[in-house]
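K.L.:
I'd like to ask you about the structure that follows.
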C-alpha cells in the first residue's frame with residue numbers, strides 16, 4: 001500500500017461564469033483579465049517545483065466562439081427559482097462571438113496551454129457553473145449539464161475524471177449520476193459546520209466570519225485525511241483541507257499567520273501519510289499577482305522540503321483515485 005502523504009492542488013477555473021450573478025466586468029474585470037497572465041505563471045511555478053494541479057474547468061470555457069458553445073447546450077437547463085443564477089437567461093446575448101474579444105467568457109487557448117504541461121489534469125467544474133443545491137434545478141438537469149461538459153471536453157480529446165461542485169454545493173443525491181458518467185472523484189468540503197455545503201439562502205455571516213478566522217488561526221483543525229478513509233466509497237470524496245485565500249492589503253499584517261496555517265497542515269499530512277488538499281480560483285490571483293505568486297512559491301518550496309524529508313507526493317485528483325482503487329479498506 002502507498003503510505004506516503006499526498007499533496008493535492010485543485011483550481012476552480014471559471015472566469016466570469018463563476019461570479020456573473022454577483023459581479024460585473026466593471027466591478028471585477030481586472031481580476032478576470034488578470035487570469036490570462038496569472039495562469040502561465042502558476043504553470044511555470046508548478047513545473048519548477050514538480051507539482052501537479054487539477055484544473056476544474058467550467059465547460060463554457062472550452063469554446064472558442066459563441067457559435068461553438070451553442071452547439072453543446074444541453075436540452076434541459078436548470079430552472080433555478082432565482083433566475084439570476086442561470087447564465088441561460090439572456091446572458092449570451094451580451095457575448096462577442098470570438099475568444100479574442102471575449103476573454104471574460106472563453107478560454108480555449110488557456111486550456112490548450114494547460115494541456116502542454118503533462119503533470120496537469122483538466123477536470124470539470126460542471127458545464128454551466130451549475131448550482132446543485134439551489135431550488136428549482138433537478139437531477140435530470142444536472143445529468144444533462146454533466147453530459148454537455150463531457151462532450152465539449154472530448155472535442156479536445158480530454159476524458160474528465162474529477163469534478164468540483166461550484167460554490168462547493170456538494171449534493172449527495174448526485175453522486176450516482178457522476179459515477180455512472182465516469183467521474184471517479186470530487187472535492188468535498190471540510191468536515192466542520194462552517195464549511196458545510198449550503199445554497200445561497202443558507203449561507204450566513206457567522207459562517208463567513210469563522211471561515212475568515214480559520215484562514216489565520218487553527219479553528220477547524222488541520223483537515224487532513226487518511227487514504228483508507230477516503231477509499232471507503234466511490235466516487236471518492238477528496239475533501240478540501242484549505243482555501244488559499246488571496247492577498248489582502250487590509251490584512252497584510254497577518255500574512256505570516258496565513259502562510260503558517262497552510263504550512264503546518266502540510267507538515268501534519270506529510271508526517272502522518274495523509275492527504276492535504278489546497279484550492280483556489282485563478283481569478284483570486286488576477287490582481288496583486290506579485291504578492292499572490294510569492295505566497296504560492298513559499299507553499300511550493302515547503303512542499304519540495306516535505307517531499308525530500310518525508311516522501312510527501314504531489315498528485316492530481318485523478319492520480320489519487322487510481323491509488324485509492326488499490327487500497328484494501330478491510331486490511
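Values in this text are rule-based calculations from the coordinates and carry no lab data. These numbers come from a predicted model, not from an experiment. Quick reminder, even Gly has a Cβ in these numbers, built from the backbone with ideal geometry, and neighbours come from all protein chains shown.
K.L.:
Once every DSSP H run of n ≥ 4 in the chain is given -39500 (n - 2.57) and the sum is divided by its residues, what mean residue ellipticity at 222 nm do you get, rounded to the nearest 500 deg cm²/dmol?
P.N.:
It lands at -11500 deg cm²/dmol.
K.L.:
Report, in degrees rounded to the nearest 10, the 0 to 90 angle that the Cα long axis of helix 25-48 makes with the longest principal axis of the chain.
P.N.:
Rounded to the nearest ten degrees, it is 40.
K.L.:
Let me make sure I get this right: for the chain, a, b and c are the square roots of the gyration tensor eigenvalues over alpha carbons, sorted descending. Under 1.5 in a/c it's rounded, otherwise prolate if a/b > b/c, else oblate. Which is it? The partial results should precede the final answer.
P.N.:
Numbers: a/c = 1.45, a/b = 1.28, b/c = 1.14.
It is rounded, given that a/c, with a ≥ b ≥ c, falls under 1.5.
K.L.:
Right, another one. Under the classification rounded if a/c is under 1.5, otherwise prolate if a/b is larger than b/c and oblate if not, where does region 178-331 fall, given a ≥ b ≥ c as square roots of the Cα gyration tensor eigenvalues?
P.N.:
oblate
K.L.:
Which order results if 254, 194 are arranged by neighbouring Cβ count within 10 Å, fewest first?
P.N.:
254, 194
K.L.:
Ratio of alpha-carbon Rg to the 2.2 N^0.38 Å globular estimate for region 5-86, to two decimals, please.
P.N.:
It is 1.35.
K.L.:
In what sequence do 167, 191 fall when counting other Cβ within 10 Å, fewest first?
P.N.:
191, 167
K.L.:
Taking the chain as the reference, fit the longest principal axis to its C-alpha atoms, fit the long axis of helix 289-310 to the helix C-alpha atoms, and give the angle between the two in degrees, 0 to 90, nearest 10.
P.N.:
40
K.L.:
DSSP beta bridges in region 6-324, what fraction antiparallel, as a percent rounded to 5?
P.N.:
10
K.L.:
To continue, here is another question. How long are the semi-axes of the equivalent ellipsoid of region 136-190, defined as square roots of 5 times the Cα gyration tensor eigenvalues? Whole Å, largest first.
P.N.:
Computed over region 136-190, the values are 19, 14, 10 Å.
K.L.:
Please work out whether region 264-326 counts as rounded, prolate or oblate from its C-alpha gyration tensor, where a ≥ b ≥ c are the square roots of the eigenvalues and a/c under 1.5 means rounded, while otherwise a/b larger than b/c means prolate and anything else oblate?
P.N.:
In terms of gyration-tensor shape, oblate.
K.L.:
Evaluate the relative contact order of region 6-324 (contact order divided by residue number), counting alpha-carbon pairs under 8 angstrom at least 6 apart; express in whole percent.
P.N.:
Result for region 6-324 is 27 percent.
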